[in-house]
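Colleague: The structure's right below; bear with me while I get my questions together.
The numbers here are math on the coordinates, done by the rules we state, and not lab data. All values derive from a computational prediction rather than experimental measurement. So basically every Cβ, Gly included, is an ideal-geometry build from the backbone, and we count neighbours across all protein chains shown.
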Amino acid sequence: MFELAKGMGTTLRHMFEEPVTIQYPEQKRDVHERYKGRHELKRYDNGLEKCIGCSLCAAACPADAIFVEAAENTDDQRFSPGERYARVYEINYLRCIFCGYCEDACPTEAIVLEGHYELSYTSRRDAIFTKDKLIVPSPDGKPDTPQKVEPGVFTRSVPEMKDPL
């Protein structure tokens, strides 16, 4: 009998508290700093893509959700500061488990799990995000990729890559 009275006391105590409901989608909830949401492919300040097409993110993915196909940069069409760039970059969100191993494996910090949590799809094909959906826009006033550079001139206004060890 005592347990029943204790349970009823808990119910009565919480009955008059204000509910913790937000009016979604008009009011969006802030995410925590370390939240791992939808991926983004980042750019350097000069507009070049950070991804160099090394496929380390795809190798690190335990769910095999990432597909990367690399291509060579030329002086007429420069996408990234390195020799290669990711011509095809796809993430299958039906497979992704949002573990962040791709972010940890990237030597150029090109792939980052951001705070976007609105992921819904109407078909299986919509769940595969291509490079067009993942890459962030170029900074204001900077040209979009591909860029044309002078032959033999390496565009080195980008920071050094992090040491993988």
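Colleague: No partner Cβ under 4.7 angstrom, meaning no disulfide-compatible partner by this rule: which Cys of the chain qualify?
Modeller: Flagged as lacking a Cys partner: Cys51, Cys54, Cys61, Cys96, Cys99, Cys106.
Colleague: For region 1-71, go through all pairs of different Cα atoms, get the mean of 1/r, take its inverse, and jot down that Kirkwood value in Å.
Modeller: So the Kirkwood estimate lands at 18.2 Å.
Colleague: Quick check on the chain: what does the Kirkwood estimate of hydrodynamic radius come out to from the alpha carbon pairs, in Å?
Modeller: Working: mean 1/r = 0.0532 Å⁻¹.
Computed over Cα pairs of the chain, the Kirkwood hydrodynamic radius comes out at 18.8 Å.
Colleague: I've got another one for you. Could you work out the local net charge near Gly53, counting Lys and Arg as +1, Asp and Glu as -1, over the other residues with Cβ closer than 12 Å to its Cβ?
Modeller: Numbers: positive: Lys50, Arg84, Arg87, Lys131; negative: Glu49, Glu69, Glu72, Glu83.
Taking every other residue near Gly53 into account, the sum is 0.
Colleague: Which order do the peptides 96-104, 138-146 take when ranked by the mean count of other beta-carbon atoms within 10 Å per residue, highest first?
Modeller: 96-104, 138-146
Colleague: Write out the GluC sites (Glu not before Pro) in region 20-84 meeting two conditions: DSSP loop, and at most 16 other Cβ atoms within 10 Å of their Cβ.
Modeller: Those satisfying the criteria are Glu26, Glu33, Glu83.
Colleague: What ranking of Tyr85, Tyr93 emerges when the number of other C-beta atoms within 10 Å of each C-beta is taken as an exposure proxy, fewest first?
Modeller: Ranked by crowding around the Cβ, least crowded first: Tyr93, Tyr85.
Colleague: Can you tell me, using C-alpha contacts under 8 Å and at least 6 residues apart, the relative contact order of the chain as a whole percent?
Modeller: The normalised contact order for the chain reaches 29 percent.
Colleague: Let me ask you something else. Starting from 0.36 nm per residue, how many nanometres of slack lie between Asp45 and Asp30 once their C-alpha separation is accounted for?
Modeller: Here the segment from Asp45 to Asp30 would lengthen by 2.7 nm.
Colleague: Still on this structure, please answer the following. Beyond a 27 Å Cα-Cα separation, which of these cross-linked pairs lie in this structure: Lys36/Lys148; Lys36/Lys133; Lys28/Lys50; Lys42/Lys148? Kindly include the intermediate steps, with their values, before the conclusion.
Modeller: On the way: Lys36/Lys148 35 Å; Lys36/Lys133 17 Å; Lys28/Lys50 30 Å; Lys42/Lys148 20 Å.
From Lys36/Lys148; Lys36/Lys133; Lys28/Lys50; Lys42/Lys148, over 27 Å: Lys36/Lys148; Lys28/Lys50.
Colleague: Right, next: Angle, helix 2-15 long axis vs. longest principal axis of the chain, Cα atoms, 0 to 90°, nearest 10?
Modeller: The angle comes out near 60 degrees.
Colleague: Going 7 Å from the Cα of Ala59 toward and past its Cβ, which residues in region 89-111 have a backbone nitrogen under 12 Å from where you end up?
Modeller: 105-107
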